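Heads up: the structure comes next, in structure tokens.
Since every read-out is calculated from the coordinates, none of them should be taken as a lab result. These numbers were taken from a predicted model, which means no experiment stands behind them. Glycine gets a Cβ as well: all are built from the backbone with ideal geometry, and neighbour counts include every protein chain shown.
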Amino acid sequence: MWNEIRYGAAAALMLLALFTLCTGVLGVFRFRDTLQRMHAAALNDTLGAFLALLSLMLAQGADFVSLKFALVLLFLWVSSPVSSHLIAQLESRLRRESGEVNRR
């Protein structure tokens, strides 16, 4: 009985992760500005990865593989915001150098 509940919760979390990631893809295609696209992608990427890996950890149970999933999640939480920040900083610098302040 507990296994069915655990697998059901894992499936629900995986579906929520899929919805979150698909929403991020839609935001990337819908927005025109580079910084708005990055914002949509970075937020949904982090939340989607968290939900997907949490789902996998719940389905796997408490063992060494779940620890590996947690380490992957920690790496993604550190690297994704840093890379997004660096790309946004580069875009902002390129806009200033080209004289383009605010395009809408």
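Key figures for this structure:
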{"read-out": "Residue within region 55-71 that is crowded, with 16+ Cβ neighbours inside 10 Å, closer than 19 Å to Leu26 by Cα, free of Cβ contacts under 8 Å to residues at least 60 places away in the same chain and not hydroxyl-bearing (Ser, Thr, Tyr) present", "value": "no"}
{"read-out": "Failed item, numbered, when Glu100 is tested on (1) closer than 30 Å to Met1 by Cα; (2) exposed (fewer than 12 other Cβ atoms within 10 Å of the Cβ)", "value": "(1)"}
{"read-out": "Test set (1) surrounded by fewer than 14 Cβ atoms within 10 Å (Cβ to Cβ); (2) in contact (Cβ under 8 Å) with a residue 40 or more places away in the chain - Phe29 fails condition number", "value": "(2)"}
